[in-house]
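Have a look at the structure below, then the notes.
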Amino acid sequence: MTAAADEVRKIQDNSFLIEEAYNQEDGVVQHIQAFQYIRKTRAWLYTFTQEWPAPKQAHQFSYTIPVVHVTDEQSATGLGDIALNYRYQLFMAGPYALAPRFSLLLPTGDYKKGMGNGALGYQVNIPFSAELSERLVSHWNAGMTITPNAKEAGGVTAGTSGYNLGASIIWLSSETFNLMTELAWNRVEAVQPDGSGLWEETFFVNPGMRFAMNYKSGLQVVPGLAFPIGIGASHGEYGAFLYLSFEHPLF
């Protein structure tokens with residue numbers, strides 16, 4: 001997201017594990033690629049996301065296509081569950097912004113290989129953003145996911161739910177260079193062969209950096225790098241996170 005027209009084009013909505021509360025500006029589209037690797041499990045996740053104003057900033061449509069590499073019982077790589085997202089800019093006044101999101105999680109991943117839930121899911125996330133000062137910005141998330149007919153690898157079906165909380169602090173060293181630290185907690189239920197649910201929890205701190213390259217055409221390119229470190233339930237896990245965003249006017 002660009003800043004106001006009379007300002008330098010500072011980085012605004014290019015966090016990694018945490019979602020900001022800024023919808024795409026009128027006539028601006030963003031393409032986001034992210035790659036996360038966890039050393040302990042050797043699992044990785046690649047996502048491609050495209051965000052569009054629909055048609056103005058108050059409404060935003062986006063989709064996320066994941067490619068998953070799992071290593072539970074045997075290594076496998078394939079398409080995960082695609083997300084279709086709608087986000088409403090509830091308010092963006094002064095230093096504060098709030099933009100609730102609702103998503104449909106399509107059962108495009110192979111649940112037999114652990115790449116998806118095998119059923120349609122629903123997700124709500126509430127991102128809140130606050131400019132604490134000229135140099136500090138913070139983002140906060142709280143969300144829930146429900147999959148009424150999730151499947152385990154053998155085909156047993158049961159309803160599952162999940163919860164997520166997160167927060168970040170971002171230091172604007174300059175308009176085009178940021179240092180950041182994120183906290184991301186997830187608690188997800190997985191269907192077991194007997195139809196019961198097993199809760200799995202992850203908790204990561206994610207220090208990183210990002211910088212922007214602005215072009216006269218209106219294109220903004222933002223590469224980023226972070227190093228997720230497991231704490232609490234994820235103690236002993238660590239990895240790398242790579243990020244690349246392209247944002248530009250539609251015409």
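Across the range 28-249, how large is the tail of the calculated P(r) beyond 22 Å, expressed as a percent of all Cα pairs?
Working: 14033 of 24531 pairs.
Result for the distance tail: 57 percent.
Provide W171, W140 in ascending order of the number of other Cβ atoms located within 10 Å of each residue's Cβ, fewest first.
W171, W140
Just need the relative contact order of the range 152-231 here, percent rounded to a whole number, with Cα pairs under 8 Å and 6+ apart.
Details: 160 pairs, mean separation 20.9, N = 80.
Once normalised by length, the contact order is 26 percent.
Order these peptides, 39-50, 192-203, by their mean beta-carbon neighbour count within 10 angstrom, highest first.
Packing order, densest peptide first, comes out as 39-50, 192-203.
Percent relative contact order of the range 28-249, based on C-alpha pairs within less than 8 angstrom and at least six residues apart? Please report the intermediate quantities before stating the final value.
Working: 644 pairs, mean separation 33.5, N = 222.
Taking the mean separation of contacting Cα pairs over the length of the range 28-249, I get 15 percent.
Averaging sequence separations of C-alpha pairs under 8 Å and six or more residues apart, then dividing by the length of the range 57-164, give the relative contact order as a whole percent.
19 percent
Could you give the nm distance between label points at T41 and A76, where each point is 7 Å from its Cα heading toward the beta carbon?
1.5 nm
What is the extension gain from H59 to Q33, computed as 0.36 nm multiplied by their sequence separation minus the C-alpha to C-alpha distance, in nm to one decimal?
In short, 7.2 nm is gained.
Pull out the extension gain between L165 and F91, defined as 0.36 nm times the separation in residues minus the alpha carbon to alpha carbon distance; nm, one decimal.
Additional length available on full extension: 24.6 nm.
Read-outs: derived from the displayed coordinates by stated rules, not from any lab. Treat the numbers as computed from the prediction; the structure is a model and nothing was measured. So basically every Cβ, Gly included, is an ideal-geometry build from the backbone, and we count neighbours across all protein chains shown.
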